[in-house]
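*Asks:* Attaching a single structure in structure tokens format; questions to follow.
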Amino acid sequence: MIRFNNVTKVYGNDTVALERVNLEINAGEFVFLVGASGSGKSTMVRLILKEMEPSAGSIYVNGTKLSSVPRRRIPRLRRDIGCVFQDFKLLPNKTAAENVAYAMEVTGQRRRTIRTKVPQILDLVGLSGKMGKYPEQLSGGEQQRVSIARAFVSQPPILVADEPTGNLDPNTSVGIMQLLHRINRIGTTVLVATHDREMVDVMRKRVVALEDGRIVRDKVRGAYADEV
Amino acid sequence: MRFNFWFFLVEALKNVRLNLLMSITAVTTTFICILVFGLGLLVSAHIQGVIGSVRQDVSVEAFMPNASSDQLDALAQKVRGWPEVAKVTEVSQEQAFAEFKDKFKDQPDLYRDLDQSVFPPSVQIQLKDPSEANDVAEKLKQEGFTEDNLSYPQQTIDRLNSVTSYVIWGLYGATLLFLIASVLLISNAIRLSIFARRKEIEVMKLVGASDSFVRTPFVFEGLLQGLVGAGLAAFAVVWINYLFVDWAHNDLPYVPISSDAVNAPFVLVVLVAVGVGIGVIGSFLSVTRFLRKI
Ligand SMILES: Nc1ncnc2c1ncn2[C@@H]1O[C@H](COP(=O)(O)OP(=O)(O)OP(=O)(O)O)[C@@H](O)[C@H]1O
Ligand SMILES: [Mg+2]
């Protein structure tokens, strides 16, 4: 589903963010990407979204080689990848429901579909009572649920999350992780970049650890740190 | 993908409401530019109108300073024989002065200190067809008349053109400058509103919006601003024209200014089209330039 082939990313002239990374994530997997700050997690996520090009190596998403996707086809690529960020990235002038609807509008879906689907998905993330609220009227956890609803409303085959619980308290984080877990259970490939040691340890999923831009560990049913 | 007109229109209207100040700036700019452009159109249309009506004039005047009435008779007699001529009238010094006094009877200051000797006697020739005025003037020159002693439409037109061409070029220049300024100001206003919303646009792109999907509400916004600004300006221009023609009829009765010189619906359509064009092009260019960068 996602494959990194000898990927190197150098920012500017000398900041090596990723070095010869090889990674294969299969359809339906749930993968944690862990590592210290600056180890290159966000860089991997941004490469998957084709926000930038790798300096060397190639990346495949959903069978497509990203370097062969022209600029004008990037929107279509991104519609296959739901994305969730630490800072939620909601549109401030739209309500919760409108934010979710926007992700459907960009794909040109029918109004009727949008009108039935949006309340369903917001209900699923536990926000049926807050559809008409603007992001600034919602708590961090609620905003993150909206952004997960938006990422998932078109049921993309892949969902990537960059520190989705980074701004949330532990209890709220559990709720968010459960949501991601449920999304994974219905067949979506999920990649979560995180610092959240506790969460990773509890979930017992595949864990890929980065250190200074290199993959140092890749373990099925792993933990945040090496087990002795 | 279906083009959802109402979705984009509603998005654009929301943008206008959120960036009200910016929208007012853009609308005002368009208004001023289109107003100047429209006034330029008006002035040149009226000049064309005056030239057109002078061209329809069928009279040629030949002035004969210090001529005796026998000399006047002789010329009148000769001219009567020309095939282009419909009617010939002799005007003596006294008649010329009397006509002048009659023409300006509202402004007696003009002639209070004048002596009738300033008015040369003349022969006034009415032609059958205005297009023959130049030929007749030419024949009179062969009879010994100089340009200064003749008055015929082409001469008036040439004199009018030499004065008005400066005015017209000045107006064209000003119009061009204002059009360039308005494109710049509008695209700048839109660039500012894009800059204020760059984070949002990045998010839109992240959730899979195509360039045209992001751009269309902005282009609608530019279109609406152009439409409102230019529409108001166009009506102002037509109204000013109405006031001007009315004033000219009352205060300049001898200048042939006619409301026919300006085709009001045409002016409205042209001005609104130019305004909408500026709004659409300005917004399209500035959003496209921004989208290339992300
Ligand atoms: N736009 C950029 N320009 C230059 N250097 C960058 C840029 N983005 C990231 N870096 C550098 O690349 C390295 C990896 O950054 P990255 O954001 O991928 O780390 P991360 O693992 O996501 O860290 P964190 O956990 O703090 O989010 C860091 O050394 C960082 O300083
Ligand atoms: Mg990061």
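*Asks:* Any chance the range B:184-199 includes a residue that's touching a helix residue (DSSP H, G or I) at 6+ places or on another chain (Cβ under 6 Å), at pLDDT 85 or above and either assigned to a helix (DSSP H, G or I) or surrounded by 21 or more Cβ atoms within 10 Å (Cβ to Cβ) (or both)?
*Replies:* The answer is no; no qualifying residue exists.
*Asks:* Would you confirm whether or not the range A:35-54 contains a residue that is away from ligand 2 (no atom under 16 Å from the Cβ) and more than 16 Å from the chain's Cα centre (by Cα)?
*Replies:* Yes, the range A:35-54 has at least one match.
*Asks:* Do we have A:Arg150 as buried (at least 16 other Cβ atoms within 10 Å of the Cβ), of a type in the set (Lys, Arg), within 14 Å of chain B (Cβ to nearest Cβ) and more than 16 Å from ligand 1 (Cβ to nearest atom) here?
*Replies:* Spelling it out, A:Arg150 is indeed buried (at least 16 other Cβ atoms within 10 Å of the Cβ), of a type in the set (Lys, Arg), within 14 Å of chain B (Cβ to nearest Cβ) and more than 16 Å from ligand 1 (Cβ to nearest atom).
*Asks:* I would also like to ask the following. Test B:Ala98 against the stated conditions and say whether it is modelled with pLDDT of 80 or more and surrounded by fewer than 16 Cβ atoms within 10 Å (Cβ to Cβ). Can you show your working first?
*Replies:* Values: modelled with pLDDT of 80 or more: yes; surrounded by fewer than 16 Cβ atoms within 10 Å (Cβ to Cβ): yes.
Yes: the conditions hold for B:Ala98.
*Asks:* Please go through the range B:180-232 and give me each residue that is in contact with a Ser or Thr (Cβ under 8 Å, 6 or more places away or on another chain), within 12 Å of another protein chain (Cβ to nearest Cβ) and among the acidic types (Asp, Glu), ordered by number.
*Replies:* Hit for the range B:180-232 is B:Asp211, nothing else.
*Asks:* Restrict the check to the range A:119-138 and report whether at least one residue is modelled with pLDDT under 95 and within 22 Å of A:Leu33 (Cβ to Cβ).
*Replies:* The answer is no; no qualifying residue exists.
*Asks:* For the range A:200-223: of the residues being outside any strand (DSSP E or B) and within 16 Å of ligand 2 (Cβ to nearest atom), which is surrounded by the fewest Cβ atoms within 10 Å (Cβ to Cβ)?
*Replies:* Here is the first cut: in the range A:200-223, the ones outside any strand (DSSP E or B) are A:200-205, A:212-213, A:220-223.
Next, from what is left, pick out any that are within 16 Å of ligand 2 (Cβ to nearest atom): A:200, A:212-213.
Working: A:Val200: 22, A:Asp212: 14, A:Gly213: 22.
So, considering only residues that are outside any strand (DSSP E or B) and within 16 Å of ligand 2 (Cβ to nearest atom), the one surrounded by the fewest Cβ atoms within 10 Å (Cβ to Cβ) is A:Asp212.
*Asks:* While we're looking at this one, here's another question. Only residues in the range A:38-57 that are more than 14 Å from every other protein chain (Cβ to nearest Cβ) count as the first member; pair them with residues that are within 9 Å of ligand 2 (Cβ to nearest atom), Cβ under 6 angstrom, at least 6 apart or cross-chain, and list the lot.
*Replies:* Going by the 6 Å Cβ cut-off, the qualifying pairs are A:Lys41/A:Ala193.
*Asks:* Name the residue, out of B:Ala230, B:Ala234, B:Ala209, B:Ala273, that is modelled with pLDDT of 90 or more and not in a helix (DSSP H, G or I).
*Replies:* Numbers: B:Ala230 fails: not in a helix (DSSP H, G or I); B:Ala234 fails: not in a helix (DSSP H, G or I); B:Ala273 fails: not in a helix (DSSP H, G or I).
On inspection, the qualifying residue turns out to be B:Ala209.
*Asks:* In addition: (1) buried (at least 22 other Cβ atoms within 10 Å of the Cβ); (2) away from ligand 1 (no atom under 11 Å from the Cβ); (3) in a helix (DSSP H, G or I); (4) not basic (Lys, Arg): which one isn't true of A:Val21, the others all being true?
*Replies:* Every condition holds for A:Val21 apart from (3).
*Asks:* Out of the residues in the range A:129-138 meeting the condition of being out of contact with any Pro (no Cβ under 9 Å at 6 or more places or on another chain) and either in contact (Cβ under 8 Å) with a residue 24 or more places away in the chain or within 16 Å of ligand 1 (Cβ to nearest atom) (or both), tell me which one is farthest from the other protein chains (Cβ to nearest Cβ).
*Replies:* A:Lys130
*Asks:* Any idea which residue in the range A:24-46 is farthest from A:Val202 (Cα to Cα), counting only those that are more than 11 Å from ligand 1 (Cβ to nearest atom) and part of a strand (DSSP E or B)?
*Replies:* Within the range A:24-46, the first condition is being more than 11 Å from ligand 1 (Cβ to nearest atom), and the residues that meet it are A:24-32.
This time we only want the ones that are part of a strand (DSSP E or B), so: A:24-25, A:30-32.
Values: A:Glu24: 23, A:Ile25: 21, A:Phe30: 14, A:Val31: 13, A:Phe32: 12 Å.
My answer is A:Glu24.
*Asks:* Go over the candidates A:Thr188, A:Thr165 one by one and state the one that is touching a residue at least 24 places away in the same chain (Cβ under 8 Å), within 13 Å of ligand 1 (Cβ to nearest atom) and either surrounded by 18 or more Cβ atoms within 10 Å (Cβ to Cβ) or on the phi > 0 side of the Ramachandran plot (or both). Step through it out loud before you land on a result.
*Replies:* Working: A:Thr188 fails: within 13 Å of ligand 1 (Cβ to nearest atom).
Sole residue among the options that is touching a residue at least 24 places away in the same chain (Cβ under 8 Å), within 13 Å of ligand 1 (Cβ to nearest atom) and either surrounded by 18 or more Cβ atoms within 10 Å (Cβ to Cβ) or on the phi > 0 side of the Ramachandran plot (or both): A:Thr165.
*Asks:* Which members of the range B:55-77 meet the condition of being farther than 23 Å from B:Tyr254 by Cβ and either loosely packed, with under 15 Cβ neighbours inside 10 Å or free of Cβ contacts under 8 Å to residues at least 24 places away in the same chain (or both)?
*Replies:* Once the filter is applied, which keeps residues that are farther than 23 Å from B:Tyr254 by Cβ and either loosely packed, with under 15 Cβ neighbours inside 10 Å or free of Cβ contacts under 8 Å to residues at least 24 places away in the same chain (or both), the range B:55-77 yields B:Pro65, B:Asn66, B:Ser68, B:Ser69, B:Asp70, B:Gln71, B:Asp73, B:Ala74, B:Gln77.
*Asks:* What about B:Ile32, is it surrounded by fewer than 17 Cβ atoms within 10 Å (Cβ to Cβ) and of a type in the set (A, V, I, L, M)? Talk me through it step by step, then tell me what you get.
*Replies:* Numbers: surrounded by fewer than 17 Cβ atoms within 10 Å (Cβ to Cβ): yes; of a type in the set (A, V, I, L, M): yes.
Yes: the conditions hold for B:Ile32.
*Asks:* Give the number of residues within the range A:74-91 that are within 18 Å of A:Asn167 (Cβ to Cβ) and either more than 7 Å from chain B (Cβ to nearest Cβ) or touching a strand residue (DSSP E or B) at 6+ places or on another chain (Cβ under 7 Å) (or both).
*Replies:* Looking only at that region, the number is 7.
*Asks:* Name the pairs: first residue in the range A:101-126 and farther than 20 Å from A:Leu180 by Cα and more than 14 Å from chain B (Cβ to nearest Cβ), second residue surrounded by fewer than 22 Cβ atoms within 10 Å (Cβ to Cβ) and at pLDDT below 95, Cβ to Cβ under 9 Å, at least 6 apart or on different chains?
*Replies:* Nothing qualifies.
*Asks:* Restricting attention to the range B:96-105, which residues are out of contact with any strand residue (DSSP E or B) (no Cβ under 9 Å at 6 or more places or on another chain) and either part of a helix (DSSP H, G or I) or not assigned by TED's automatic domain parsing to the domain that holds B:Leu72 (or both)?
*Replies:* Hits for the range B:96-105 are B:Phe97, B:Ala98, B:Phe100, B:Lys101, B:Asp102, B:Lys103.
The values are calculated or read from the model by the stated rules, or taken from the named source; none is laboratory data. Keep in mind that this is a model prediction, so the values were computed, not measured. Here the Cβ is made from the backbone with ideal geometry for all residues, glycine too, and neighbour counts use every protein chain on show.
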